[in-house]
Amino acid sequence: MEKENQEENGSETRSWRRARSKERKRKRWGIGFFLCVFLLLLQIAVSVILCVEVYQLGLLPNRYLGAVILVLLLMAGIEIGLILQRSRAAYVIAGVFAVCFTFCLSMGTVYARKTDETLQSISATTTTTQLDEVLVAVLSDSDIASLEELAGRVVGIQTSLDRDNTDTTIESLRSLLDDNLTVEEYNGIADMVQALYDSGCEAIVYNEAYQEMITDSFETFEEDVVILNTYTYTTTVEVEADTDNIRENFELEEEPFIVYLSGIDKAGDVSVTSRSDVNILAVVNPTTRQILLLTTPRDYYVSLPFEGDCMDKLTHAGIYGIDCSIETLENLYDISVDYYLRVNFTGFVDIVDALGGVSVYSEQAFTSEMGNYDFVVGYNDVDGDMALGFVRERHSFTDGDYQRARNQMAMIEAIVEKATSPSILTSYTSVLESIEGSFTTDMTTDDIATLVKMCLEDDTAWNIGTFSVTGTNARKSTYSMGSQQLYVIVPDEESIAEAQNLIQSVWDGEILDLETETEEETSESSSEETLSPVA
């Protein structure tokens, strides 16, 4: 009897233990259920935040955004199904999925916000920065070795060019020398430099942006002078919308537009005042997927948009600001420019490197002076430094600047093709980050996002053509250099008219064989003897 009672008690104990074990498991996996639900809700919240961020950026086409939302819903649905199984294995799988997805979605949200910050930093703002360096120079054989020794001496300045910075520099010198300074004004840069050589003045004050202009006329100038001091001025310029140049209800992805591409002849800070050596108008028709690249030679003899007789080289317009270059080209072709993009040597190298290099077509085999790179006829794979050597070379060609212009447009074409390829578009934010500060533009964040979205929506290849206006060599005085006779290219009116016709045709949506038409025209123009520029 006692033995039976013991067995009965043991059986009850085992049953009680099993029941208690089951109760503990129910409690434990009940906690697992609520934990999985919490993680799922967190994942859904992060998913919503990510979708809102991506939608506000306006980068993804609606079909892509819809696909993303569908995938997120599918992921949540799978996890809900696992949770409803109420098993240990299902809870573990659902929990791991939720943690991993939440982490990935969180990183995506951070990435989206960083993308927005990058776009904001490179797009147009209400202000821009302009950097000017004003030099005080004397002849290398002068007895003046410091600013203090300018006391009682004659200093030459420009009558009208860059007077704000020049006058500020003169005031600094007067303060240093107790006003013991004589200032002589000259009508042009060349007249001022010539006066320095002829002892009409003993020092000159000029913007560093004029250095290349001076050496074009006085080849040994850099060796002949000593810089006593450099005054650096950083100016914050308010960007005001040109109300006469704004098209109402302009739809970037549907209507044609024109972008001015300006390449300045400096390395370093892109905001520094400088000449514009590359002047290309990109006429873009997004509906027909056509781009016309129209280049104007740097030495084109054009009228600057100032009062009076202001004939000058196009490249000199750059020292008066991007607006001066734009208005000069607008007047030349009777057009309206919608956007600009300004880049210097450093920025150009950074852009090509950020794209992972490009493949550019060369019409001729040559070796570049800059970098001593060899290029073959046909396609050449280049990095940033090689690309710069390619677009800067002119002395290897019989038609000098004209072939350089064609090479520059070939490079632009190569960059456009690489930049609009799917492999780049999917990682464009990292590209933008790497070239941040390499260029300036007046395109807004929405404009840039619209362009990216447009390329993602339609991967049809762009039909890119090139054209270069031509002219006749001459030597004439210029607004910037005064009476000094400089090499210029007098525009050929028929060439200008042909360029205007091409612009209008692309604008009107005519489907053109751009490559054939523009190459034939350029070939005919460059064969003339009058089109061989001199240094």
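The values are calculated or read from the model by the stated rules, or taken from the named source; none is laboratory data. Keep in mind the model is a prediction, meaning the values are calculated, not measured. Note: ideal-geometry Cβ built from the backbone for every residue, glycine included; neighbour counts use all protein chains shown. Remember, those area values only see protein heavy atoms, side chains included, never the ligands or the DNA or RNA. Shrake-Rupley method; radii C 1.70, N 1.55, O 1.52, S 1.80 Å.
Structure notes:
- Theoretical FRET efficiency, 1/(1+(r/R0)^6), r = Cβ-Cβ of residue 159 and residue 289, R0 51 Å, to 0.05: 0.55
- Sequence-separation-based contact order of region 338-382, relative, with Cα cut under 8 Å and 6+ spacing, percent: 34 percent
- Where 226, 284 fall by accessible area, highest first, once all protein chains stay in place (1.4 Å): 226, 284
- Here residue 396 and residue 359 are evaluated by their C-beta separation; at R0 = 25 Å the FRET efficiency comes out at 0.75.
- Take residue 421: with every protein chain present and a 1.4 Å probe, its accessible area is about 30 Å².
- Taking every alpha-carbon pair within region 74-118, the share separated by more than 15 Å comes to 52 percent.
- Whole-percent P(r), region 371-424, all Cα pairs, 5 Å bins from 0: 4, 18, 28, 27, 13, 6, 3, 1.
- Residue 217 sits with roughly 30 Å² accessible to a 1.4 Å probe, with DNA, RNA and ligands left out of the calculation.
- Where labels lie 7 Å past Cα in the beta-carbon direction, separation of residue 85 and residue 226 in nm: 8.6 nm
- Taking other residues whose beta carbon is less than 14 angstrom from the beta carbon of residue 261, and scoring Lys, Arg as +1 and Asp, Glu as -1, yields -2.
- Kirkwood analysis of region 37-102, using all unique Cα-Cα pairs, places the hydrodynamic radius at 12.5 Å.
- Principal axis extents of the Cα atoms in region 318-403, from largest to smallest and rounded to whole angstrom, are 38, 33, 22.
- Loop trypsin sites (Lys or Arg not before Pro), region 328-398 (other Cβ atoms within 10 Å of the site Cβ: 14 or fewer; DSSP): none
- What the pair-distance distribution of region 148-191 shows, using all Cα-Cα distances binned every 10 Å from zero, is 29, 53, 18 percent.
- Cut-off 13 Å (backbone N to label point 7 Å along Cα→Cβ of residue 473), residues of region 204-220: none
- Size of region 278-367: Rg and Dmax of its alpha carbons, in Å, are 15.7, 48.
- Once all protein chains are placed together, residue 161 keeps about 10 Å² accessible to a 1.4 angstrom probe.
- Stretching the chain fully between residue 37 and residue 379 yields a gain of 117.4 nm (0.36 nm per residue, less the alpha carbon separation).
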